[in-house]
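Only one structure is covered here, and it is reproduced in the block below.
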Amino acid sequence: MEYTILKPSTEGTVVLLTISRPSALNALNTRFFEEMDHFISTLESNPEIRALIITGEGKAFVAGADIAEMVGKSPEEARAFSAVGQKVFNRLGDLPFPVIAAINGFALGGGMELAMACDFRIASANARFGQPEVNLGLIPGYAGTQRLPRLTNLADALYLLTTGEVIDAETALRMRLVQKIAQPEELLDEAKRLAVLIASKGPLAVKLVKEVTRKGLEMSFHDAEKLEQNHFGDPFGNEGKEGMTAFLEKRKPNW
Ligand code: CO8
């Protein structure tokens, strides 16, 4: 598939994906979801990849779902648009390696939902966050109502969702919506540094720790413990043995 909005590039085992539709502040339209769905399939079929960074071109990360495309939709069509977006964002979150959002500017509405579908978020000091759907008489449709309270808490989520207030990076950090703030010119370097750091760890361990942590949140504590217990054994036959042996032999592991 030829991409018109996505600009992927690979450095070693780390992929950088730039969303590039700056004339509409990278607003998410049907074409974006088609490209993203295809791109995720290419990532799933490449066992070499260890981390994905997502950023936006220009002054926005993503300024929301494309309002110009949405305005003509019927309720049924809007539900279908929501379903497509939810499916694609879930596939993104399910990738077997960490997905890092490098938020370079506006992350509003669907843009904030995209950022929340990633595993964690690094924000530029000038990034801005918000769920301004209520300003348009809408509610989020890409699981913003569900991920936001899970990442922050019920009160902060409802504060943002009902006021539509746009917050700065420091406030987002306080709400634990982002994990780190970087100066604008250092944002991508910092995201890459973290991606390379993750890529240096045991690949199976990183995959498992992501899977168990994410899946466990949807289970009872007891069942989630069992899930952890089961997967704890997985690396012992291979990668874990090498990691522990390397420690005891005072050398770097050879994954
Ligand atoms: N959709 C379509 N076009 C957009 C969007 C958007 N979300 N955001 C910006 N643009 C366009 C503008 O229309 C403008 O186009 P043009 O140059 O042709 O007039 C261009 O991008 C540049 O934008 P501005 O001139 O407005 O730039 P400013 O720097 O003055 O303002 C803002 C930047 C504050 C980010 C402003 O553009 C803005 O408020 N944008 C809309 C933000 C918003 O409301 N986002 C939420 C959208 S709703 C949503 O995301 C719901 C998600 C769930 C959907 C579920 C599926 C159904």
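The values are calculated or read from the model by the stated rules, or taken from the named source; none is laboratory data. Bear in mind the structure is a predicted one, so any value in this text is a computation, not a measurement. Neighbour counts are summed over all protein chains in view; Cβ atoms, including those assigned to glycine, are modelled from backbone coordinates with ideal geometry. Accessible surface is based on the protein model in full, side chains and every heavy atom, while ligands, DNA and RNA are left aside. Shrake-Rupley method; radii C 1.70, N 1.55, O 1.52, S 1.80 Å.
Tabulated data
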quantity: Region 124-137 - residue that is among the aliphatic types (A, V, I, L, M) and in contact (Cβ under 8 Å) with a residue 60 or more places away in the chain and, of those, least open to solvent (accessible area, probe 1.4 Å); calculated: 127
quantity: Residue list for region 149-174, restricted to those being farther than 19 Å from residue 54 by Cα and surrounded by 18 or more Cβ atoms within 10 Å (Cβ to Cβ); calculated: 152, 156, 157, 160, 161, 167
quantity: Filtered residue count, region 1-38, keeping only those that are part of a loop (DSSP other than H, G, I, E, B) and either among the aromatic types (Phe, Trp, Tyr) or under 23 Å from residue 108 (Cβ atoms) (or both); calculated: 9
quantity: Scope region 57-86; condition of a type in the set (Gly, Ala, Ser), within 9 Å of the ligand (Cβ to nearest atom) and in contact (Cβ under 8 Å) with a residue 40 or more places away in the chain; matching residues; calculated: 60, 63, 64, 65, 68, 78, 82, 85
quantity: Close pairs (6 angstrom Cβ cut-off, 6 or more residues apart or separate chains): under 14 Å from residue 123 (Cα atoms) in region 158-170, modelled with pLDDT of 95 or more and surrounded by fewer than 19 Cβ atoms within 10 Å (Cβ to Cβ) anywhere; calculated: 169/125
quantity: Complete set of residues in region 22-38 that are farther than 19 Å from residue 129 by Cα and open to solvent by less than 60 Å² (accessible area, probe 1.4 Å); calculated: 29, 30, 32, 33, 35, 36, 37
quantity: Residues being closer than 11 Å to residue 205 by Cα and outside the structural domain of residue 209 (by the TED database) - total across region 233-254; calculated: 0
quantity: Some residue of region 80-91 being in the same structural domain as residue 136 (by the TED database), loosely packed, with under 15 Cβ neighbours inside 10 Å, touching a Lys or Arg at 6+ places or on another chain (Cβ under 9 Å) and over 28 Å from residue 179 (Cα atoms); calculated: yes
